[in-house]
Amino acid sequence: MAKGVVTAYALWAIGGPLGLHHLYLGRDSHALLWLLTLGGFGVGWAREVFRIPAYVNEANREAAGRTERRRQARPPPMSVARFAGQVCVGIYFGVVALIGLSSLNFFNLIVLPLSVGAGVHLVSCAGLETSDLWKTLTTCLITSPIFYGSTLSPLPISLAASVTAAQHRQFKPPRATNVPPEPLVSRLYRLGLAWLAFSAPLGYCVFHNTTATLYYLSDCFAAVLDALWFFPWLKGVLEYLLLLPYRVLCAVTGGGGGGEAEDFWRKVLSVSKEASLEEITHSYRELVKVWHPDHNPTRAQEAQQMFIQIQEAYETLLRRHKAFRRR
């Protein structure tokens, strides 16, 4: 069935940043790219207002089996816009990995370069073109140790991967004329899995930090309520009203009433759930010595952040111990 320009423009206007028009035209790689970047950060979506007719024409040629141009031996022409998109999306994927996956083992050597390479290759596969995935990923893995531990490492890794992808660019092989189109359900299934793989680590990180923050706020509320001990009925009413949003949000974010957040603070101090107050205090004093800013002049900013986090973890666990003893 031939694709229509009017329908493509309507989908572009309604859900363009989510890639609906690309999904309609059978450009699944481009649809996924738009879904993960909200239309190429808005710039690519706006730029497409002049390119929709060409996309529709290519989709109809594909459906009719007229793909002679891609059978030619020479590679497609170099595109500055595609190269810039590869660099930007590679950096974007790297930043998302830094936010959601930095706690994994071998992050800087394996996870980060593979994430950047995936972003670069996704742009390489948009439209009629593709590139060599393994050479792109290999370039990322080779470049990554050179900039190990640098906060700016996604930039040079993405640049190197984009150059490699551009050198090995080629047209996608034409679809066989006797093969029916893939059902929409299976296409949506694959796109959904890719979206979950991208967003799940980032979503978990956001929700985990949200739960930890709410847990800290609940301690502040508890400290205020302790001052109302001589009005037990008023304390009970205020406690219920103030902590009700906290309980609801913890249930939504998987906080489980604060257990996950408490595990986070215990992990900061490197103590177990069964650790006594003396063990927590001992670990706190040792970590303060290690991470005191005066003892780390070469990485003062990191030490300052860790020092504050250690202080907060100790105060939170100390309040928990005191509250448990009062019970």
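The values are calculated or read from the model by the stated rules, or taken from the named source; none is laboratory data. Here the structure is a predicted model, which means the values were calculated and not measured. No Cβ is skipped: glycine too gets one built from the backbone with ideal geometry, and neighbour counts run over all protein chains shown. The protein model used for the area step is the full one, side chains on, heavy atoms only, and it has no ligands, DNA or RNA in it. Shrake-Rupley method; radii C 1.70, N 1.55, O 1.52, S 1.80 Å.
Once the Cβ-Cβ distance between ILE142 and VAL290 is put in as r, and R0 is 41 Å, what FRET efficiency do you end up with, to the nearest 0.05?
Details: r = 34 Å, r/R0 = 0.83.
With R0 = 41 Å, the Cβ-Cβ based efficiency is 0.75.
Any idea how far apart GLN309 and ALA13 come out in nm if each label point goes 7 Å out from Cα toward Cβ?
If labels sit at GLN309 and ALA13, their model points lie 4.9 nm apart.
Once phi is turned into ³J(HN,Hα) by the Karplus curve 6.51 cos²θ - 1.76 cosθ + 1.60 with θ = phi - 60°, what whole-Hz value does each residue of region 307-317 show in order, with x for glycine and proline?
For region 307-317, the Karplus-derived couplings read 4, 5, 5, 5, 4, 5, 5, 5, 5, 5, 5 Hz, x marking Gly and Pro.
What is the local net charge at SER162, summed over the other residues whose Cβ is closer than 11 Å to its Cβ (Lys, Arg +1; Asp, Glu -1)?
Every neighbour counted, the sum reads +2.
For TRP45, tell me the accessible area in Å² from a 1.4 Å probe, rounded to the nearest 10.
70
Tell me, what HN-Hα J-couplings in whole Hz come from the Karplus equation 6.51 cos²θ - 1.76 cosθ + 1.60 at θ = phi - 60° for each residue of region 139-147, using x for Gly and Pro?
Couplings: 4, 4, 5, 6, 6, 4, x, 5, 10 Hz.
Charges only on Cβ, +1 for Lys and Arg, -1 for Asp and Glu: so what's the dipole of region 42-144 about the Cα centre, in debye to the nearest 20?
Details: 10 positive and 6 negative charges, 67 e Å.
Dipole magnitude for region 42-144 comes out near 320 debye.
Amide H to amide H under 5 Å from GLU129: which residues, 5+ apart in sequence or cross-chain, H placed 1.01 Å off N in plane?
Here the answer is LYS172, since their amide H atoms fall under 5 Å of that of GLU129.
Just to confirm, what accessible area per residue do you get for region 68-145 at 1.4 Å probe, in whole Å²? Before the final figure, lay out the partial values.
Numbers: 3820 Å² over 78 residues.
Spelled out: the 1.4 Å probe surface of region 68-145, per residue, equals 49 Å².
Tell me, what ³J(HN,Hα) does each residue in region 281-298 have, in order and in whole Hz, if you take phi through Karplus 6.51 cos²θ - 1.76 cosθ + 1.60 with θ = phi - 60° and put x for Gly and Pro?
5, 4, 5, 4, 5, 5, 5, 4, 5, 5, 9, 5, x, 5, 8, 10, x, 7
Hey, any idea what % of region 122-200's accessible area is carbon plus sulfur with a 1.4 Å probe? Each step should come with its number before you reach the end.
Values: 3200 of 4550 Å².
Carbon plus sulfur share of accessible area: 70 percent.
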